[in-house]
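Take a look at the structure below.
The values are calculated or read from the model by the stated rules, or taken from the named source; none is laboratory data. The structure presented is a predicted model; accordingly, all values stated were derived computationally and were not measured. So basically every Cβ, Gly included, is an ideal-geometry build from the backbone, and we count neighbours across all protein chains shown.
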C-alpha cells in the first residue's frame with residue numbers, strides 16, 4: 001500500500017499540474033472554450049492522463065482516492081444549462097450524483113475530494129466535445145437525500161453553506177454568476193457568432209463581449225443564446241446605454257440625439273453609420289436572437305429615445 005504522505009504529495013502535484021495545463025489551454029483560447037481532445041492531452045510525470053471520461057461526469061485516475069474533475073454535458077442553445085437550474089437560494093451549485101447509489105465508486109471518489117478539501121476542475125459543455133473549464137472548485141457538502149453534492153466555485157464561498165444572511169447569499173450567488181454563468185455564456189455566444197461583433201463585424205475576440213438582450217438581473221434574462229448578442233465593447237456599452245437599439249426585424253437604430261451630434265470618426269462610423277444596417281445573426285436557428293426579447297428590449301430603447 002502506498003504511503004499516505006506520498007499519495008497526498010502526488011495528488012497535490014497532479015492537481016497543480018492540471019491547473020497549469022488548463023491555464024495554458026485557456027491562454028490560447030479566444031472565447032474560453034477548449035475541445036475535449038486538448039483537455040485530455042494532459043501529461044503528468046511523463047505519461048498522458050485523461051481529465052474527463054465521456055461516459056461519466058465524475059472522473060478520477062485509478063491511482064487516486066479522490067475525484068479529480070466533474071463535468072456537465074452540453075445543453076442545446078435554447079435550453080437553460082443544468083448547472084444554473086441547480087443554483088440554490090444559498091447561491092451555491094448542486095452537482096448530481098453519478099446514478100442513484102450514494103455508495104457507487106464515482107460518488108465515493110467525490111466524497112473523498114470533499115473530505116480532503118481537494119480542488120477539482122469543473123468542465124461545462126458548450127458544444128459537443130467542447131468545454132469551458134471552471135477551476136478550482138471544491139465539494140463543500142454531501143446531500144444524500146437529494147442525491148447531490150454542494151459545489152463552491154470560488155474560495156470565498158467555502159464558509160457560506162449555512163449562512164442565512166440575505167446579503168451574503170446574494171454575494172455567493174453573484175460569485176457563481178461571475179465564475180460560471182458569465183464565462184460559459186460568453187463562450188457559447190462568441191462561438192455562435194463566429195467570434196465577430198453582430199453590429200460591426202469586428203473579429204478580435206479579446207474585444208468582444210456576450211451581451212444580454214434582456215439583462216441578467218431580469219426574470220426573462222436567462223443565460224441562453226437566444227438572449228445573447230456578440231458585441232464589441234463599444235457597441236455593447238452603446239446597446240446597454242440605449243444609444244443603439246435593435247428592432248425585432250434585426251434593423252439597427254441609433255438614438256435621435258446621437259444622430260444629430262457632430263464629432264470625430266468614431267461617432268460617424270462607429271455609431272451613426274450603424275443606423276439602418278442589419279444585425280448579423282448566427283447560422284444555427286436555435287442560437288438566433290429571440291424576437292420577443294428583442295421587442296421587449298427595443299421598447300426600452302424607444303422610451304429612452
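Here are some notes:
- Residue check, residue 73 in the same structural domain as residue 18 (by TED's automatic domain parsing) and buried (at least 16 other Cβ atoms within 10 Å of the Cβ): no
- Taken over the stretch 62-77, residues that are in a loop (DSSP other than H, G, I, E, B) and at pLDDT below 95 amount to 9.
- Some residue of the stretch 221-232 being more than 22 Å from residue 178 (Cα to Cα) and either crowded, with 18+ Cβ neighbours inside 10 Å or touching a strand residue (DSSP E or B) at 6+ places or on another chain (Cβ under 6 Å) (or both): no
- Counting only residues that are over 18 Å from residue 75 (Cα atoms), touching a helix residue (DSSP H, G or I) at 6+ places or on another chain (Cβ under 7 Å) and crowded, with 19+ Cβ neighbours inside 10 Å, the stretch 176-199 holds 2 of them.
- Flag for residue 14 being crowded, with 16+ Cβ neighbours inside 10 Å and in a helix (DSSP H, G or I): yes
- Set 202, 140: member being outside the structural domain of residue 287 (by TED's automatic domain parsing) and either under 30 Å from residue 247 (Cβ atoms) or over 20 Å from the mean Cα position of the chain (by Cα) (or both): 140
- Some residue of the stretch 30-39 being closer than 24 Å to residue 107 by Cα and either touching a helix residue (DSSP H, G or I) at 6+ places or on another chain (Cβ under 7 Å) or surrounded by 14 or more Cβ atoms within 10 Å (Cβ to Cβ) (or both): yes
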